[in-house]
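**Student:** Have a look at this one.
The values are calculated or read from the model by the stated rules, or taken from the named source; none is laboratory data. Everything numeric in this text was worked out from a predicted model, so none of it was measured. Counting neighbours? That spans all protein chains shown, and the Cβs are built from the backbone with ideal geometry, glycine included. The area values use the complete protein model at the heavy-atom level, side chains included, leaving out ligands, DNA and RNA. Shrake-Rupley method; radii C 1.70, N 1.55, O 1.52, S 1.80 Å.
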Amino acid sequence: MELNQSLSIHLEAEKPLRRYGAVEETAWKAEGLGRNQLDIISMAETTMRPEEIELEMVKIQRLREVLVRRESELRFMMDDIQLCNDIMDLKQELQNLVAIPEKEKTKLQNQREDELIQKIHRLVQKRDFLVDDAEVERLRLPSRKESRAPT
């Protein structure tokens with residue numbers, strides 16, 4: 001036991017313990033450390049300079065923007081496909097009703113025909129709005145790139 005205590009006291013006197021995030025170590029002393037050592041921030045398995053970290057963060061931010069934009073495009077495409085499928089289904093049903101001669105149609109079939117026309121009209125308007133929104137978004141992207149360009 002005494003041997004362990006004397007060894008630990010000897011080691012503490014030789015080299016102070018450095019703990020990650022220790023309050024005592026937040027202000028590094030420039031004496032004894034070269035400029036390169038001051039600029040380096042140690043992490044789990046890599047050593048990077050602050051400038052390298054900033055560059056990596058910018059790259060990640062750009063990638064994130066590209067991915068968000070692509071996700072938005074894919075959502076527009078999915079919505080567009082779903083709307084087109086719904087419109088086609090309604091049109092098919094409407095064609096079946098229109099194929100029946102007017103004199104043979106029941107009141108219920110006439111009502112259903114009007115209903116289908118209204119639903120198709122609403123879906124087409126919704127799709128037009130979706131397409132316009134996608135076009136506005138597409139046109140807005142080049143203006144963002146121009147505003148980011150260094151002057």
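**Student:** Please find, among Lys119, Lys91, Lys107, the residue that is open to solvent by 100 Å² or more (accessible area, probe 1.4 Å) and either touching a His at 6+ places or on another chain (Cβ under 9 Å) or among the charged types (D, E, K, R) (or both). I'd like the intermediate steps shown before the answer.
**Tutor:** Details: Lys119 fails: open to solvent by 100 Å² or more (accessible area, probe 1.4 Å); Lys91 fails: open to solvent by 100 Å² or more (accessible area, probe 1.4 Å).
Residue meeting the stated conditions: Lys107.
**Student:** Looking at the structure I just gave you, is Leu55 open to solvent by 100 Å² or more (accessible area, probe 1.4 Å), modelled with pLDDT of 90 or more and outside any strand (DSSP E or B)? Show your work before the answer.
**Tutor:** Details: open to solvent by 100 Å² or more (accessible area, probe 1.4 Å): yes; modelled with pLDDT of 90 or more: yes; outside any strand (DSSP E or B): yes.
Taking the combined requirement at face value, the residue satisfies it.
**Student:** Follow-up. When both residues are 6+ apart or on different chains and their Cβ atoms are under 6 Å apart, which pairs have a first residue that lies in the stretch 109-132 and is under 17 Å from Leu97 (Cβ atoms), and a second that is small (Gly, Ala, Ser)?
**Tutor:** none
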